[in-house]
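Please treat every number below as a calculation from the coordinates, not as lab data. Here the structure is a predicted model, which is why all the values come from computation and not from measurement. Virtual Cβ from ideal backbone geometry, glycine too; neighbours counted across all protein chains shown.
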Amino acid sequence: MPKSALPEHLNDPEEIETAFPDDSQYGEGLFGRFYKWIHKTSKTWFAFSYRCTESWAKWRKYPMVLIAIGGKGAWRFESQFGELPYYGRKIRYGFRSRHAYLSRIQYYKRWHFSIQWPLMVTFHWYPKASDVPVFGEPRPNLKGKVWFAYWNHFDADLVYWMVKSAYIGKSWK
C-alpha cells in the first residue's frame, strides 16, 4: 500500500478512522463489525497520488478526460480556488489541466457520462429537468432527486481511490 499517497491529515490509522465515518452505517452486529474492520483496513490499499515516493504508485496530479458528454448546463471543475464552470456539451479528448479537474459531481447538468484517466467512470441523471440547479444560484437539497454512480474516483485531497471505490444511488457522494 502506498501510504505516501495520502496527505498529511490522513497519514496514520487514527486519522483514517475518523476521516471515514460513513462506515458506521453497517451497524454493530457481527457483519457490521467485520465489514467496518475490512473496509478500514483496506481503505488505502488502492490509493494513489502524485505524492507517492514509489515509482509504480506515482500518478499525475490531476486526471485526464478521455470522454465527457452531458446535457445543457455548466460542467463543474474543481480546483484549489473553488469550483469553476465550463459551458459546452462535451469536453475534448485528452483534456487536462495543471490547476483543475473535472468533478465527479456535476450538479448543473441534467445528465452526464464521463471517463477519465486513470480509469474512472462517472454517470448521473436527474429524472425531472426542474430539479437541475443553475450555476451561481443556491443549490437546493438534491437528495433522492438524482441517480448517481461512479467506479473509482479522485477527490480534493488529490488522491485517486481505485478498484474498490464504487457507488450507485439516489444522492451525490
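Numbers below:
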read-out: Placed amide H near MET64: partners under 5 Å, 5+ positions off or other chain; value: TRP117
read-out: Per-pair calculated FRET efficiency, R0 = 30 Å: LEU84 and GLU54 via Cβ, rounded to 0.05; value: 0.40
read-out: At R0 = 30 Å, FRET efficiency that the Cβ-Cβ distance of LYS164 and LYS128 yields, to 0.05; value: 0.40
read-out: Charge dipole (debye, nearest 20) of the chain; +1 at Cβ of Lys and Arg, -1 at Cβ of Asp and Glu; value: 960 debye
read-out: Estimated 222 nm signal from helices in the chain, with DSSP H stretches of n ≥ 4 weighted -39500 (n - 2.57), rounded to 500; value: -3500 deg cm²/dmol
read-out: Residues THR53, THR44, THR122, sorted so that the one with the fewest Cβ neighbours within 10 Å comes first; value: THR53, THR44, THR122
read-out: The chain: relative contact order as a whole-number percent, Cα under 8 Å and 6+ apart; value: 19 percent
read-out: Of LYS145/LYS170; LYS40/LYS143; LYS128/LYS170; LYS72/LYS128; LYS58/LYS90, those spanning more than 18 Å from alpha-carbon to alpha-carbon; value: LYS40/LYS143; LYS58/LYS90
read-out: Radius 13 Å from Cβ of VAL134, net charge of other residues (Lys, Arg +1; Asp, Glu -1); value: +3
read-out: 19 Å Cα-Cα reach of LYS36 towards lysines, excluding residues that sit fewer than 8 places from it in its own chain; value: LYS164, LYS173
read-out: Ascending count of other beta-carbon atoms within 10 Å, so fewest first, for PHE123, PHE148, PHE31; value: PHE31, PHE123, PHE148
read-out: Spin-label model distance (nm) - MET64 vs TYR35, 7 Å beyond Cα toward Cβ; value: 3.8 nm
read-out: Using distinct alpha-carbon pairs, which all enter the 1/r mean, Kirkwood radius of the chain in Å; value: 17.3 Å
